[in-house]
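Let me begin by presenting the structure, written as structure tokens, before commenting on it.
The values are calculated or read from the model by the stated rules, or taken from the named source; none is laboratory data. This structure is a prediction, so every number in the text was calculated from the model and none was measured. Backbone-built Cβ (ideal geometry, glycine too); neighbour counts: all protein chains shown. Heavy atoms of the whole protein, side chains included, go into the accessibility calculation; ligands, DNA and RNA do not. Shrake-Rupley method; radii C 1.70, N 1.55, O 1.52, S 1.80 Å.
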Amino acid sequence: PANAEGIDETSLNSMAVTAISLDHLGKYIDTVDEITLANYVGTYETLAKAVAQLLDGDLQTVRPESLTLFFEGTKRGMNPNARAVIASTLLQHLLAVAERSQRRKFICGIGVGCSDMGRGERGSAYATLYNQTVIDETLTMAQRAGSSVKLAPSILGSEQVEALFDVIETADGDTQLGAPTPDLLPELDKQSKLLQRRLFPDVGEQSDLPF
């Protein structure tokens, strides 16, 4: 029978998505050589991979001019929503450090959203199709974020997010991630400095958290 395998129960857990918009790359294509452009994009990839590894996420390229991090399951005592917003803040910090290290401008908008269904261990067609909406929604917020982090409608009202960060209504009607709570700040500072030392040993220990 067509449904002999049944539903992949591992996809029935929620998932959070952190999207990084790289839609500014188009203006560089005709102004720099391919090696320079590849190294530039490679820096974004390196930072995203490091953050994903730290927070038990998975980095994928699923849309043009963007990188997407997926977070599923409870890891390190944090659910997917918590890890996705923490990832966005760590990425902001690392991009600022990359600018000092490489003397280049690293900017990108970041969006965070969530889905009540994950990708699952089998990566079924149903789960994949179901999650296209949250991927698109989150990337749209990233494209509108400038250099900030914007929250997609799917994650608004998340108790996990509001317990860790201020949430700010913006003039354009969107919702932006604000400063972390005092309880989270020491751990966030510790994680950011750990990544900074590993990825950019040429840059000093000074904190450059984006808040």
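Structure notes:
- Residue selected from region 53-84 under the condition in contact with a Phe, Trp or Tyr (Cβ under 6 Å, 6 or more places away or on another chain) and not in a strand (DSSP E or B), by the criterion most open to solvent (accessible area, probe 1.4 Å): 57
- Only one of the listed residues (80, 64) is touching a Cys at 6+ places or on another chain (Cβ under 8 Å) and either of a type in the set (D, E, K, R) or at pLDDT 85 or above (or both). That residue is 80.
- Looking only at residues of region 111-150 that are within 20 Å of residue 184 (Cα to Cα) and touching a residue at least 60 places away in the same chain (Cβ under 8 Å), we find that the one that is surrounded by the fewest Cβ atoms within 10 Å (Cβ to Cβ) is 149.
- Restricting attention to region 93-116, the residues being within 18 Å of residue 175 (Cβ to Cβ) and of a type in the set (Phe, Trp, Tyr) number 0.
- Which numbered condition residue 31 misses (of (1) open to solvent by 80 Å² or more (accessible area, probe 1.4 Å); (2) of a type outside the set (A, V, I, L, M, F, W, C); (3) modelled with pLDDT of 85 or more; (4) not in a helix (DSSP H, G or I)): (3)
- For region 175-191, a residue qualifies if it is part of a helix (DSSP H, G or I) and within 16 Å of residue 78 (Cβ to Cβ), and the qualifying residues are 185, 186, 187, 188, 190, 191.
- Residue 90 vs. criteria in contact with a helix residue (DSSP H, G or I) (Cβ under 6 Å, 6 or more places away or on another chain), open to solvent by less than 30 Å² (accessible area, probe 1.4 Å) and not in a helix (DSSP H, G or I): no
- Scoring residue 108 on the criteria (1) in contact with a Leu (Cβ under 8 Å, 6 or more places away or on another chain); (2) surrounded by fewer than 17 Cβ atoms within 10 Å (Cβ to Cβ) leaves a single failure, condition (2).
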